[in-house]
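Asker: Have a look at this one.
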Amino acid sequence: MYKQKIEKEIRCPVEYGLSIISGKWKIRILSILKTYGTVRYKVLMQKLNGITDTVLALTLKELANDDLIIRNQYEEIPPKVEYMLSDKAISLMPILESICRWSCRFDTSYSDHVMEQCRGCEHFNY
């Protein structure tokens, strides 16, 4: 297993928050779970255009390790796994919504490549 040569040094609480939500897919996954509630792996793959199976599995594992999502596995054949937001992630949502409002206010780069969850958001002004 990979071991960092230099131990992480977080001196600001904001750094902790950003470290657990940073990455291309984490906020997108959290947004999907906020919109749809409990979601199966295959649905996440469909909603996240362009993500690979390996990256999705790794990102979900990181989110679970940081207690942002709950992974429920059912002993069935075929196997059934569902994901949902944890209480920790639910408490993060107002912060992300605040960042969304700020971004919509200052982002002038209009794009057709916006997640469907964002298009329905009250703050989205494109």
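Only the coordinates and a few stated rules stand behind these numbers; no lab work does. Because the structure is a prediction, the values reported are computed rather than measured. As a convention, Cβ positions derive from the backbone with ideal geometry for all residues, glycine included, and neighbour counts pool all protein chains shown.
Asker: Kindly write out, for the range 37-46 in residue order, the coupling ³J(HN,Hα) from the Karplus curve 6.51 cos²θ - 1.76 cosθ + 1.60 (θ = phi - 60°), rounded to whole Hz, with x marking Gly and Pro.
Answerer: x, 7, 9, 8, 3, 4, 5, 4, 4, 5
Asker: Would you work out if the range 24-82 is rounded, prolate or oblate? Take a ≥ b ≥ c from the square roots of the eigenvalues of the alpha-carbon gyration tensor; rounded if a/c is under 1.5, else prolate when a/b is larger than b/c, oblate otherwise.
Answerer: Here the range 24-82 falls in the rounded category.
Asker: In whole Hz, with x marking every Gly and Pro, tabulate ³J(HN,Hα) for the range 55-61 from phi via Karplus 6.51 cos²θ - 1.76 cosθ + 1.60, θ = phi - 60°.
Answerer: Running phi through 6.51 cos²θ - 1.76 cosθ + 1.60 with θ = phi - 60° gives 5, 4, 4, 5, 5, 4, 5 Hz.
Asker: For SER86, enumerate residues with amide H under 5 Å from its amide H, sequence gap 5+ or separate chain, H modeled in the peptide plane.
Answerer: It is ILE69, ILE70, by chain and number.
Asker: At q = 0.24 Å⁻¹, what base-10 log of I(q)/I(0) does the Debye formula yield for the range 13-119 when every alpha carbon is treated as an equal point scatterer in vacuo?
Answerer: Log10 I(q)/I(0), no solvent term: -1.55.
Asker: Hey, fewest Cβ within 10 Å first, where do LEU18, LEU56 land in order?
Answerer: Working: LEU18 11, LEU56 16.
Listing LEU18, LEU56 from fewest to most nearby Cβ atoms yields LEU18, LEU56.
Asker: Amide H of ARG40 versus every other amide H placed in the peptide plane: which residues, excluding those fewer than 5 positions away on the same chain, fall under 5 Å?
Answerer: For ARG40, whose amide H was placed from the backbone, the distant partners under 5 Å are TYR83.
Asker: While we're looking at this one, here's another question. If each residue of separation counts as 0.36 nm, what is the full-extension length gain between LYS88 and ARG40 once their alpha-carbon separation is subtracted?
Answerer: Gain on extension, LYS88 to ARG40, equals 15.3 nm.
Asker: Suppose the chain between ALA64 and SER22 were pulled fully straight at 0.36 nm per residue; how much longer would it get relative to their current alpha carbon spacing?
Answerer: Result for the pair: 13.7 nm of gain on full extension.
Asker: Also: Give me LYS88, LYS42 ranked fewest to most by other Cβ atoms within 10 Å of their Cβ, as a rough exposure proxy.
Answerer: LYS42, LYS88
Asker: Another question, if that's okay. So what are the ³J(HN,Hα) numbers for the range 79-90, from phi and the Karplus equation (6.51, -1.76, 1.60; θ = phi - 60°), rounded to whole Hz, Gly and Pro as x?
Answerer: x, 10, 10, 10, 10, 8, 5, 8, 4, 4, 5, 4
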